[in-house]
Amino acid sequence: MAGSVAEKIIQGHIIEGEFVTGEEIAIKIDQTLTQDATGTLAYMEFEALGIPKVKTELSVSYVDHNLLQADHRNMDDHLFLQTIAKKFGIYFSKPGNGICHQVHLERFAEPGKTLLGSDSHTPTAGGCNMVAIGAGGLDVAMAMAGYPFYMKTPKILGVELTGKLRSWVSAKDVILEMLRRYSVKGGLGKIIEYFGPGVESLSIPERATIANMGAELGASTTVFPSDYQTKKFLEAQGRLEVWKEINVDADVQYDESVNLNLSEIEPLIACPSSPDNVKKVSEVEGIGVNQCIIGSCGNSSFKDLMIVSKALHGRKIHENVSLEINPGSRQVFENVANASGLSDLIHSGARINQSGCLGCIGMGQAPATGTVSLRAFPRNFPGRSGTENDQVYLCSPEVAVAAAIEGRITDPRKLGKYPNIEEPETYIINEEGIIPPSKSQEIVKIIRGPNIKPFPNFASLENELSGKVLLKVGDNITTDDIMPAGSQILPLRSNIPAISEYVYSRIDPNFSSKAKVNQGFIIAGENYGQGSSREHAAVACRFLNVRGKIAKSFARIHRSNLINFGILPLAFIDPNDYKEIETNDMININSIRDQLKNPNNNIVLEVNGKKIECQNRFSKRERDVLLTGGIINYVKKQS
Ligand code: MIC
Ligand code: SF4
């Protein structure tokens, strides 16, 4: 991977370790971001570290997920976040100002820098040449406190882009093509770097769409070069001073490389209920549609909304369809208005919402029972929309608007001439929605409403560990399966005892009551814990006394979150052993502390009188964190 953009940026930030695939490195984090649904915990954790002010170059706290105000709880959280930000030297982006990744791209992304965010789509900023990584809130809290971020050096997959996208085919189709080829596991342990002549034709918001859904490939992050397009974007954002060129060397050697000819890509669509269940739109044409939404951190930029507006000019939305628009940011909204994009949207009957995640995380916009919803979003995991047995398809704004007009899935190329949308040379910029930190921090009082509950303490790891198998699940289990979101459960994000009642509630409604009386384990297949960065999927399990998760393999962020909260993530040596363990079996792990301390031996479990071996591949730091019962105990012990 010598000469790659990703290696150049990472090498400039390494504090410990060497850039050798699979080896643990510690990198300096320049910027952090949090959002409200993961942020309240992250800041409680930051407070527990006892640091008076963030040590990063820039930290931003966004409010974009929990926007419904059905009672006091979400607003309690927002007030807490706003006062915490003021006190600890953090910028605060108000509710309605936009989705964290879109606003960060516009106002804060800097080529060549590192960004750690408590949201799995943080890699969106890779479109602007950042090494931007999603992580659990604790890792972000540690970065704000000046600690480096630890990760196993990923492989670098170079994707050479050639050709140029054709009319009605857009950046979303590029990443859907990647998902069609490589699946939700294809990026595990990898950074994806796009290079080659095709990159030049992609604007920064288009690159951001591609980088955004690298998270769905399971990649650690996605990186684009910093070139003329980056310069143009930053200039239009009034931030030319942060631009610098960072490009790939001509003799670059990637660990793996593939080619993607943009000219050959067709309009694509991810069918229910996984982002990698990708088909050509032409293969599923004709399916009746009831809802189309343009929005999310992946597809709500200026061009995305303008395409929809122009396509609707002189046309009507089909009577069976609700077309909903969630602008990515206030900046997008204002610039679309300024470019006369709103009138066609309003006239056609589109329902325009405030900027935020909204239906992407089940905060409203749930579809009707048995109906099809087309969404220009990154995820369509089962039930995530808030409707049971939902049928959510993921697609580009182009495909969504074609369906909104026709009332059924339609190849957008049938809409005729493709509107030409130029990004503004200078965007209208309005930073009123971003509150800077206080200059006199000491006098800021943190407001903790009744929704903010203290963080639970966990004991260190005992030497003899035993428990019942509480649940056995299959492959690709998402954090939405483990710890569902949606408008009922999201307001409990700052209240671990209350939210833990919902762990695995969609798969086994009795899970939490069973777990409360039986310390235990979970058995899983491959890519366990894919999807979001929500550490609640770990901490709420730990609160219920889940002590270990035994899987064929783990998704990166969830594995780290488990370690951070003292849950053992154990990977089978022989994946066939998965078949040997069933729900309600008893598992004993003798002398687990001693076993962990001896990395030359596998970890041995006893199940039904049989010995099963699991990998003992933890870094020294991970072992110590597990032994002390989680990272908060670990840091307290060290100071
Ligand atoms: C998501 O898209 O699943 C979320 C909601 O943004 C999560 C964060 C969360 O659960 O709060 C993510 O992607 O990390
Ligand atoms: Fe928000 Fe959806 Fe993006 Fe997650 S994927 S940050 S919920 S818009």
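Structural remarks
- Direction-averaged projected area, Cα convex hull, the range 443-591: 10.0 nm², rounded to one decimal.
- Listed peptides 257-265, 570-578 by packing density, highest first (mean Cβ within 10 Å): 570-578, 257-265
- Cross-link pairs exceeding 19 Å between alpha carbons, from the set K8/K152; K87/K439; K472/K579; K549/K636; K113/K231; K514/K611: K549/K636; K514/K611.
- Sequence of Y254, Y43 from largest to smallest accessible area, 1.4 Å probe: Y254, Y43
- Alpha-carbon geometry of the chain: the Rg and the Dmax are 23.5, 72 Å, given in that order.
- Check: the range 99-192 dipole with +1 on Lys, Arg Cβ and -1 on Asp, Glu Cβ, in debye: 360 debye
- Take each peptide in 30-39, 428-437, count the other Cβ atoms within 10 Å of every residue, and average; sorted highest first, the result is 30-39, 428-437.
- The peptide list 542-551, 109-118, 581-590, 415-424, put in order of mean Cβ contacts within 10 Å with the highest first, becomes 109-118, 542-551, 581-590, 415-424.
- Pairwise centroid distance, computed over Cα atoms, of the range 20-41 with the range 504-518, Å: 31 Å
- Table column - 3J(HN,Hα) (Hz), the range 370-383, Karplus curve with 6.51, -1.76, 1.60, x for Gly and Pro: x, 9, 9, 10, 9, 10, 8, 10, x, 9, 9, 4, x, x
- Tail fraction, Cα-Cα pairs, the range 508-619, threshold 20 Å, whole percent: 39 percent
- Expected 222 nm ellipticity per residue - DSSP helices of 4 or more, -39500 (n - 2.57), all of the chain, to 500: -7500 deg cm²/dmol
- Whole-percent carbon and sulfur share, accessible surface of the chain, 1.4 Å: 47 percent
- Residue order by solvent-accessible surface for V252, V174 is V252, V174, largest first, with ligands and nucleic acids left out and a 1.4 Å probe.
- The spacing between the range 244-281 and the range 57-129, judged by their C-alpha centroids, is 28 Å.
- Calculated SAXS-style log₁₀ I(q)/I(0) at q = 0.13 Å⁻¹ - the range 323-394, Debye, Cα scatterers: -0.42
- Relative contact order computed over the chain (Cα-Cα under 8 Å; 6+ residues apart), in percent: 14 percent
- Compactness ratio for the range 89-234: Cα radius of gyration over 2.2 N^0.38 Å (N = residue count) comes to 1.03.
- Volume per residue of the C-alpha convex hull in the range 244-376, rounded to whole Å³: 184 Å³
- Accessible surface for the chain, divided over its residues, is 35 Å² per residue with a 1.4 Å probe.
- 16 Å Cα-Cα reach of K414 towards aspartates and glutamates, excluding residues that sit fewer than 8 places from it in its own chain: E266, E283, E285, E398, E406
- In a reduced charge model with +1 at each Lys and Arg Cβ and -1 at each Asp and Glu Cβ, the range 200-261 shows a dipole moment near 340 debye about its Cα centre.
- Partner aspartates and glutamates for K155 [C-alpha distance under 16 Å; skip if fewer than 8 residues away on the same chain]: E7, E18, E23, E24, E193, D255, E256
- Once backbone amide H atoms are built at 1.01 Å from N, S322 has Q291, C292 as its partners under 5 Å, excluding neighbours fewer than 5 places away on the same chain.
- Set of lysines with alpha-carbon distance to K232 below 16 Å, sequence-local pairs under 8 removed: K244, K303
- The mean of 1/r over all pairs of different alpha-carbon atoms in the range 1-152, once inverted, gives a Kirkwood hydrodynamic radius of 15.6 Å.
- Convex hull of the range 260-321 built on C-alpha atoms - directionally averaged projected area, nm²: 5.9 nm²
- In order through the range 92-99: 3J(HN,Hα) via Karplus (6.51 cos²θ - 1.76 cosθ + 1.60), integer Hz, x for Gly, Pro: 10, 9, 5, x, x, 6, x, 6
- Amide H to amide H, with H built 1.01 Å from N, A524 comes under 5 Å of V473, I550, A551, K552, counting only residues 5 or more places away or on other chains.
- Remark: the range 390-400, residue by residue, has Karplus-estimated 3J(HN,Hα) of 5, 10, 9, 10, 10, 7, 6, x, 4, 5, 5 Hz, where x stands for each Gly or Pro and the curve is 6.51 cos²θ - 1.76 cosθ + 1.60 at θ = phi - 60°.
The values are calculated or read from the model by the stated rules, or taken from the named source; none is laboratory data. Bear in mind that the values here come from a model prediction, so they are computed numbers and not experimental data. Neighbour counts are summed over all protein chains in view; Cβ atoms, including those assigned to glycine, are modelled from backbone coordinates with ideal geometry. Calculation scope for accessible area: heavy atoms of the full protein, side chains included, ligands and nucleic acids excluded. Shrake-Rupley method; radii C 1.70, N 1.55, O 1.52, S 1.80 Å.
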